[in-house]
Amino acid sequence: MEEKKWSLQIGGRELNISTGLLAKQASGAVKVSYGDTVVLATAVMREKASGNMGYFPLMVDYEERYYAAGKIKGSRFIKREGRPSDEAVLTGRMVDRTIRPLFNGRMRNEVQVIITVLSIDGENDPDIVSMIAASYQ
């Protein structure tokens, strides 16, 4: 895949979108940066439909990493992220509600979208950048 880049000015800052460079095994991957806030969104779709489901099986996972804010939690031996915070769960639901209408209503293939916050600058909220990244795919 070749790398593609787009950029535009929003609110006096530049929004940069690039694809084709990271997560090449995923069905789609996009890196979005706004200021110094950087988000990577990857999407994978199953090739065959999943049985007789009456709903669209979409899973959105929003992952905040402590290193994105410059914090390393734990002692010298325990450096695990732990379970997602309430804010991370709500952000994942917000992204889910935003992108679910973009899919065909008859589609029954399982789709998994994983959003990883790579860095946070403290000025720009990664939630909005995550919605842009997930909807771009």
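The values are calculated or read from the model by the stated rules, or taken from the named source; none is laboratory data. Computed from a prediction, not measured in an experiment: that's the story for all the values here. We place every Cβ from the backbone using ideal geometry, glycine too, and count neighbours over all the protein chains shown.
Observations on the model:
- Looking across Glu87, Glu123, one residue alone is free of Cβ contacts under 8 Å to residues at least 60 places away in the same chain, under 29 Å from Gly12 (Cα atoms), surrounded by fewer than 16 Cβ atoms within 10 Å (Cβ to Cβ) and not aliphatic (A, V, I, L, M). It is Glu87.
- Number of the exception - Val39 against (1) at pLDDT 85 or above; (2) in a loop (DSSP other than H, G, I, E, B): (2)
- Residue among Ile128, Ile115, Ile132 that alone is among the β-branched types (Val, Ile, Thr), outside any helix (DSSP H, G or I), farther than 17 Å from Arg46 by Cα and within 16 Å of the chain's Cα centre (by Cα): Ile115
- Set side by side, the residues Ser7, Ser33 differ, and just one is closer than 19 Å to Val129 by Cβ, free of Cβ contacts under 8 Å to residues at least 60 places away in the same chain and either among the hydroxyl-bearing types (Ser, Thr, Tyr) or assigned to a loop (DSSP other than H, G, I, E, B) (or both), which is Ser7.
- The range 118-133, residues that are closer than 16 Å to Ile17 by Cβ and aliphatic (A, V, I, L, M): Leu118, Ile128, Val129, Met131, Ile132, Ala133
Table: residues versus (1) in a helix (DSSP H, G or I); (2) modelled with pLDDT of 90 or more; (3) among the aromatic types (Phe, Trp, Tyr).
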| residue | (1), (2), (3) |
| --- | --- |
| Gly54 | no, no, no |
| Asp61 | no, yes, no |
| Ala68 | yes, no, no |
| Ser75 | no, no, no |
| Val95 | yes, yes, no |
| Arg106 | no, no, no |
| Asn109 | no, no, no |
